[in-house]
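Heads up, the thing below is written out as structure tokens.
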Amino acid sequence: MDSEKTVTVTETALKAFCRAMFAKVGVPGDEVGLIVDNLVEADLRNVASHGVVRLPIYIQRIKDGGSNPAPKPKIIRQTRTTAVLDGDNGMGQIVGIRAMEIAIEKASDGDCAFVSVCNSNHYGAASHYAEMAAKADMIGLSFTIGGINHMTPWGGAEAILGNNPFAFAFPTRDGFPVVLDMACSVAARGKIIVAAKDGTPIPADWASGPDGAPTTDPVEALKGFVLPVGGPKGYALTLGIGLLSTMLSGAYFGSEVTHMYEQTATKQNVGHLFGVLPIAAFEDLDHYYARMSKAVADIQGTRKAPVVDRIFLPGEREHRALVERRENGIPLNAAVFDELNEIGVEYGLSLPRAA
């Protein structure tokens, strides 16, 4: 990230600012931290597309009545190993964490468990929830439908799909879990939002403009469509993730989906699906962890291409960024920093630069 276009802030200051902001719009004190930890952790991990760049739209949706700041999620259907959770139109982080807690609780006796969710909202980084399971000696799965239709079916000319992110987390005893967290588009829309704020071009394979032609202009890209990773395979993947996230709970899909940024007073009925695989139900824990350590060593010990210094595991770069930024501060996009402070003026809040 270009240092001339960033402002460094501390984790402590950024969390305090975000907590105060959400408190000002009615999010209860015991739940503010759930949202803020999710957002700031994304910036700590250098995943700016799901970090505090999202705070302005979250605040706007709460102010306009599109999201409920103080939800009371409730189970509306369940078996011993499954549940459907109605999120009461709450912030996706609050609802998602509750849903994964239910899944982990149901799996505590050794059975696999899945929890589907309706009446939620954008839930931030998918990995946050999968990693909750990893901390409990379980493999975690997290799926969600996007809050905007901005992808066409393969061969189509109309957006009817989101980029529908998902995550898997495999616990290890090697310092960090192996985590796959990806959207089904070449790049998350949040990355295009960051580029638009920064005024920098995007790669030509990220998105097309409203005319369907590839574009490097992020502003035009936000008017058009994101492109699926792997062409028709990415389209099929985003369709599958979207169906998993919605068809088991009654959450909105396809033409039912509204626009997170443009229809801020409208409930979105976003859907998620969370799953956990308790390792001890399949394998002795020590044996699993020993095999995972060997798998990690096998991958990282592979002969490297001439220009490669290190082979990274999924989630490793993010873990390294988190460790470094906790010590040295978080470099925020300067336009995002300014926008946060502009919004803060209304509430008598300001985000300071790191000393």
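Could you please let me know if A187 is closer than 17 Å to K233 by Cα, open to solvent by less than 20 Å² (accessible area, probe 1.4 Å) and of a type in the set (A, V, I, L, M, F, W, C)? Spelling it out, A187 is indeed closer than 17 Å to K233 by Cα, open to solvent by less than 20 Å² (accessible area, probe 1.4 Å) and of a type in the set (A, V, I, L, M, F, W, C).
The set of residues in the stretch 147-177 that are touching a Ser or Thr at 6+ places or on another chain (Cβ under 9 Å) and in a strand (DSSP E or B) comprises M151, L161, F166, A167, F168, A169. For the stretch 115-143, enumerate the residues that are more than 14 Å from G90 (Cβ to Cβ) and not hydrophobic (A, V, I, L, M, F, W, C). Residues satisfying the conditions are S116, S127, H128, Y129, E131, K135, D137, G140, S142.
Kindly indicate whether any position in the stretch 86-94 is among the small types (G, A, S) and part of a helix (DSSP H, G or I). Break it down stepwise before answering.
Just the residues of the stretch 86-94 that are among the small types (G, A, S), to begin with: 87, 90, 92.
Keeping just the survivors that are part of a helix (DSSP H, G or I) gives 92.
Within the stretch 86-94, one or more residues are among the small types (G, A, S) and part of a helix (DSSP H, G or I).
Looking at E41, is it modelled with pLDDT of 95 or more and either at positive phi or in contact with a Lys or Arg (Cβ under 8 Å, 6 or more places away or on another chain) (or both)? Lay out the reasoning, then the answer.
Values: modelled with pLDDT of 95 or more: yes; either at positive phi or in contact with a Lys or Arg (Cβ under 8 Å, 6 or more places away or on another chain) (or both): no.
Criteria not met by E41.
Contact map, the stretch 303-332: first residue of a type in the set (V, I, T), second residue open to solvent by 70 Å² or more (accessible area, probe 1.4 Å), Cβ cut-off under 8 Å, separation 6 or more or different chains; pairs are I311/I299; I311/K304.
For D181, state whether it is open to solvent by 40 Å² or more (accessible area, probe 1.4 Å), in contact (Cβ under 8 Å) with a residue 40 or more places away in the chain, closer than 19 Å to A42 by Cβ and not hydroxyl-bearing (S, T, Y). It would help to see each step written out before you state the result.
Working: open to solvent by 40 Å² or more (accessible area, probe 1.4 Å): yes; in contact (Cβ under 8 Å) with a residue 40 or more places away in the chain: yes; closer than 19 Å to A42 by Cβ: yes; not hydroxyl-bearing (S, T, Y): yes.
Judged against the criteria, D181 is a match.
For P314, state whether it is assigned to a loop (DSSP other than H, G, I, E, B) and under 30 Å from V52 (Cβ atoms). Spelling it out, P314 is indeed assigned to a loop (DSSP other than H, G, I, E, B) and under 30 Å from V52 (Cβ atoms). The stretch 208-309 holds helices (runs of 4 or more DSSP H) entirely within its bounds, and those carrying 2 or more residues that are surrounded by fewer than 19 Cβ atoms within 10 Å (Cβ to Cβ) and of a type in the set (G, A, S) map to 232-246, 285-300.
Quick one: is A83 without any contact (Cβ under 8 Å) to a residue 60 or more places away in the chain and either of a type outside the set (F, W, Y) or open to solvent by 30 Å² or more (accessible area, probe 1.4 Å) (or both)?
Values: without any contact (Cβ under 8 Å) to a residue 60 or more places away in the chain: yes; either of a type outside the set (F, W, Y) or open to solvent by 30 Å² or more (accessible area, probe 1.4 Å) (or both): yes.
Yes; evaluated as a whole, the condition is true for this residue.
In the set (1) within 16 Å of the chain's Cα centre (by Cα); (2) part of a loop (DSSP other than H, G, I, E, B), the condition left unmet by F143 is number (2). Among the residues of the stretch 36-75, the ones that are among the polar types (S, T, N, Q) and either free of Cβ contacts under 8 Å to residues at least 24 places away in the same chain or under 26 Å from S116 (Cα atoms) (or both) come to 4 in all.
Confirm whether S245 is more than 21 Å from the chain's Cα centre (by Cα) and closer than 25 Å to Q60 by Cβ. Working first, answer last.
Values: more than 21 Å from the chain's Cα centre (by Cα): no; closer than 25 Å to Q60 by Cβ: yes.
Considered against the rule, which asks whether it is more than 21 Å from the chain's Cα centre (by Cα) and closer than 25 Å to Q60 by Cβ, S245 comes out as no.
This table checks each residue for (1) in contact (Cβ under 8 Å) with a residue 24 or more places away in the chain; (2) open to solvent by less than 10 Å² (accessible area, probe 1.4 Å); (3) touching an Asp or Glu at 6+ places or on another chain (Cβ under 7 Å); (4) under 22 Å from Q60 (Cα atoms).
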| position | (1), (2), (3), (4) |
| --- | --- |
| G92 | yes, yes, no, yes |
| G110 | yes, no, no, no |
| H128 | yes, no, yes, no |
| A133 | yes, yes, no, no |
| I139 | yes, no, no, no |
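The values are calculated or read from the model by the stated rules, or taken from the named source; none is laboratory data. Values in this document were obtained by computation on a predicted structure and should not be read as measured data. All Cβ positions, glycine included, derive from the backbone under ideal geometry; neighbour counts span all protein chains shown. The accessibility values were calculated without ligands, DNA or RNA, using every heavy atom of the protein model including side chains. Shrake-Rupley method; radii C 1.70, N 1.55, O 1.52, S 1.80 Å.
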